[in-house]
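**Q** Structure provided below as structure tokens; questions to follow.
The values are calculated or read from the model by the stated rules, or taken from the named source; none is laboratory data. Owing to the predicted nature of the structure, the values given are computational and were not obtained by experimental measurement. Glycine also receives a Cβ, built like all others from the backbone with ideal geometry; neighbour counts cover every protein chain displayed. What goes into the accessible areas is simple: the full protein's heavy atoms, side chains included, and nothing from ligands, DNA or RNA. Shrake-Rupley method; radii C 1.70, N 1.55, O 1.52, S 1.80 Å.
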Amino acid sequence: MIPRKPFIGIQCARTEMKSFRAKCNPCKFTLRKGKRLMVQRKKLPIGVQNFREIRSENDYYVDKTAFVARLADGGKYYFLSRPRRFGKSLFLDTLAEAFSGNRPLFEGLYLEDHWDWEKIHPVVRISFAEGRLRNEAELDHHIHAEIEANAQALGIDVPPKTEAIHIRFRRLIAEAARHFGQRTVVLVDEYDKPILDNLTEPDIARAMREGLRNLYSVLKGQDANLRFVFLTGVSKFSKVSIFSGLNNLSDITLDGRYATICGYTEADLDTVFAPELEGLDREAIRHWYNGYRWEGEGVYNPFDVLLLFDKRQFRAWWFETGTPTFLVEWLQQHRYFTPQLECMYADEQLLSAFDVDRIRAEAILWQTGYVTIERSQQKGAQMFHMLHVPNAEVRSALNTLLLESWHPGRSEMPRMAMALYDYLAQGDAESLKGHFERLFSAIPADWYRKNPIAQYEGYFASVFYSHLASLGLEMAAEDNANQGRVDLMLRLSPYVWLFEFKLVDGDSPTGEALAQLRAKDYAAKYRDGHTEIIEVGIEFSRSKRQIVGWQMDRR
């Protein structure tokens, strides 16, 4: 654990040496050529989603207000999808304070000189972020309570709870505009959470979808009374299924202009959080928590970064706050081939194909933040995206959870993981062979019979991959080489491990796995004069449920 020591000074990357004297606004300190100045640490806003609190308490704040101005100037109806704990709620609160005309909170920020502070709009805020709604009655009760709270805060009257939800919501918007003499702003946080929380119960999820559709349908008819509408959530449910004709809703999820609207950039870490970097390995921070991309500059998971700076430990902070149980259950039910986490392809339609009755692995993994866009390519009229695991935290934590769900030896996994790392670090292929033989021998025959997940052909390779991936090391599945794609690559300096898998019917090895590695010369891509390449051909027997072939080459 690295202590959080007093900061004694650091050059700011954004303004370094641009002039003899330069002021760095994000850091709020002055640089002089050749000197290192004292910088006072600020509070880390861990879990704080209130813009007023962050600004009044002088917490660290990454200025996102330029996005507020751009959105307000460029349109009226917006939707943004980002994973949980990525700063969506804080950005909504920032929007609320701006439209409410609270100029003092924006002193020194971009928006201070780029906003009409004379116009004060009524702001209606609906949130589904807290708690779990388990049926339609609870959803209706929650919405009624949200409408009532907004009416009281704005000092207006709405029909009683005996009236239908859409009637009360419509009156709330219209009365707020009339009372304030300015059109209403509507902000909805976690618009989809009641559905996501019930995906394993499709009938309940459908009822939640219909209840929310009834609420959001009001927005279309209230255009004359609305100044600005912004909805956030994790998933991208189709407009047809949930927004009921709100066709002018602009989805900025994959708009490169808003790629960094949530999360921290490299520059943010090197400027705003410069005092917190001392004593931490900068490359390790990048390896653990960076890598999220939405068609633009990559960003760090903000929750992870703040916890790292506070605790001074590299851990799966974001993952530990609650991985959706439905995700693991869904992957099990659909017999997901886990090596695909390192490389999968999707088009725009597939990434948006998320509904109660139509869920694809690529969509659910991307929208929940467990895979991200590595690169995109236009092919004719379509845009295709290559997806992969964003960083070491997700790779390690997700695969640890999957392995514990797909293998009965849960209590032995920590000990086995430590041994696995040692064998890989030492380049000990023989011990690695024995290790995996023990891993599969630990699965009782009765467990295979009772668990459908173990009955599909990709099970062996999935367990093998997830065990390796639980270490969080650099990996690639189906990695492109000159003459094809190697099944799995793992890098742990000074070694690069290349694995090729074959599934055989009998108990005798065929040698085809290693033969393919040699024939295709997958190793050529990794030869650099400093790396030792270990090629391993592995054959699994369907009937024996064990490794029957393990051949290797060192280059």
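**Q** As I understand it, the dipole of the range 88-191 uses +1 on the Cβ of Lys and Arg and -1 on the Cβ of Asp and Glu, about the Cα centre. Which of LEU109, HIS179, HIS166 lies farthest toward its positive end?
**A** Going by the Cα projections, it comes out as HIS166.
**Q** Quick check: Cα centre of the range 367-420 to Cα centre of the range 286-336, how many Å?
**A** One Cα centre to the other: 10 Å.
**Q** Moving on. Based on the mean of other beta carbon atoms within 10 Å per residue, what is the order of 131-140, 220-229, 297-306, 332-341, most packed first?
**A** Put in order of decreasing packing, that is 297-306, 332-341, 220-229, 131-140.
**Q** Oh, and also: Scan around VAL504 for amide H atoms under 5 Å from its own, H built in the peptide plane at 1.01 Å from N, and keep only partners 5 or more places away or cross-chain.
**A** Long-range HN contacts for VAL504: PHE540, SER541, ARG542.
**Q** About the Cα centre, and with charges only on the beta carbon of Lys, Arg (+1) and Asp, Glu (-1), how big is the dipole of the range 186-230? Nearest 20 debye, please. Walk me through the intermediate numbers first.
**A** Values: 6 positive and 8 negative charges, 51 e Å.
The calculated dipole for the range 186-230 is roughly 240 debye.
**Q** Run the accessible area of the range 128-178 with a 1.4 Å probe and give the carbon-and-sulfur part as a rounded percent.
**A** Values: 1290 of 2810 Å².
In the range 128-178, the share of accessible area belonging to carbon and sulfur is 46 percent.
**Q** Out of the DSSP beta bridges found with both residues in the chain, what percent are antiparallel (nearest 5)?
**A** Approximately 55 percent, going by the DSSP bridge assignments.
**Q** Mind pulling the angle between the C-alpha long axis of helix 136-154 and the longest principal axis of the chain? Nearest 10 degrees, somewhere in 0 to 90.
**A** That works out to roughly 40 degrees.
**Q** How many angstrom lie between the Cα centre of the range 535-555 and the Cα centre of the range 37-95?
**A** Cα centroid to Cα centroid, the span is 51 Å.
**Q** Moving on to the next point. Add -39500 (n - 2.57) for each DSSP H run of 4 or more in the chain, then divide by its residues: what number comes out at 222 nm, to the nearest 500 deg cm²/dmol? Don't jump to the answer; show the numbers that get you there.
**A** Values: 22 runs with 207 residues, N = 555.
Here the helix-only value at 222 nm equals -10500 deg cm²/dmol.
**Q** LEU503 to LEU280: FRET efficiency via 1/(1 + (r/R0)^6), r the Cβ-Cβ distance, R0 60 Å, to the nearest 0.05?
**A** Taking R0 as 60 Å, the efficiency between LEU503 and LEU280 is 0.85.
**Q** Quick check for me: using +1 on Lys/Arg Cβ and -1 on Asp/Glu Cβ, what's the dipole size of the range 463-525 about its Cα centre, in debye to the nearest 20?
**A** Result for the range 463-525 is approximately 240 debye, rounded to the nearest 20.
**Q** Answer with one residue from ASN135, ALA66, ALA98: the one whose Cα lies farthest towards the positive end of the charge dipole of the range 40-178, charges on Cβ with Lys, Arg +1 and Asp, Glu -1.
**A** ASN135
**Q** In addition: If amide hydrogens are placed 1.01 Å from N in the peptide plane, which non-local residues have theirs closer than 5 Å to the one on GLY472?
**A** When sequence neighbours closer than 5 places are left aside, the close amide H contacts are SER396.
**Q** Using r as the Cβ-Cβ distance of ASP203 and ILE46, and R0 as 45 Å, what FRET efficiency do you calculate, to the nearest 0.05?
**A** For R0 = 45 Å, the calculated efficiency reads 0.75.
**Q** Using θ = phi - 60° and the Karplus form 6.51 cos²θ - 1.76 cosθ + 1.60, what ³J(HN,Hα) does each residue of the range 391-396 get, whole Hz, x for Gly and Pro?
**A** 6, 5, 4, 5, 4, 5
**Q** Per residue of the range 360-375, in order, report the coupling 6.51 cos²θ - 1.76 cosθ + 1.60 (Karplus, θ = phi - 60°) as ³J(HN,Hα) in whole Hz, putting x for Gly and Pro.
**A** 10, 4, 4, 5, 5, 6, 5, 5, 8, x, 8, 9, 9, 7, 7, 7
**Q** Further question: Hey, which of these cross-link pairs are over 22 Å Cα-Cα: LYS433/LYS502; LYS502/LYS544; LYS43/LYS88; LYS119/LYS236; LYS88/LYS236; LYS43/LYS311?
**A** Exceeds cut-off: LYS119/LYS236.
**Q** Any idea what angle helix 429-441 forms with the longest principal axis of the chain, computed on alpha-carbon atoms, 0 to 90 degrees, nearest 10?
**A** Roughly 70 degrees, rounded to the nearest 10.
**Q** OK, next. Output wanted: per-residue J couplings in Hz (rounded whole) for the range 297-304, from phi through Karplus 6.51 cos²θ - 1.76 cosθ + 1.60, θ = phi - 60°, x for Gly and Pro.
**A** 4, x, 9, 8, 5, x, 5, 4
**Q** In whole percent, and with a 1.4 Å probe on the protein chains, what portion of the accessible area of the range 476-555 is carbon and sulfur? Working shown, then result.
**A** Details: 1520 of 3630 Å².
That fraction is 42 percent.
**Q** At 1.4 Å probe radius, can you tell me the per residue accessible area of the chain in Å²?
**A** It amounts to 43 Å² per residue over the chain.
**Q** Check which residues have an amide H placed less than 5 Å from THR253's amide H, if you skip close sequence neighbours.
**A** So THR253 has HN proximity to SER81.
**Q** Continuing with the same structure: Taking Cα atoms, how many degrees apart are the long axis of helix 413-426 and the longest axis of the chain, rounded to 10 and kept between 0 and 90?
**A** 60 degrees
**Q** Please give the Cα centre distance for the range 249-271 versus the range 139-191, rounded to the nearest Å.
**A** A separation of 31 Å, based on Cα centres.
**Q** In debye to the nearest 20, how big a dipole does the chain give about its Cα centre with +1 on each Lys and Arg Cβ and -1 on each Asp and Glu Cβ?
**A** Value, rounded to 20: 1300 debye.
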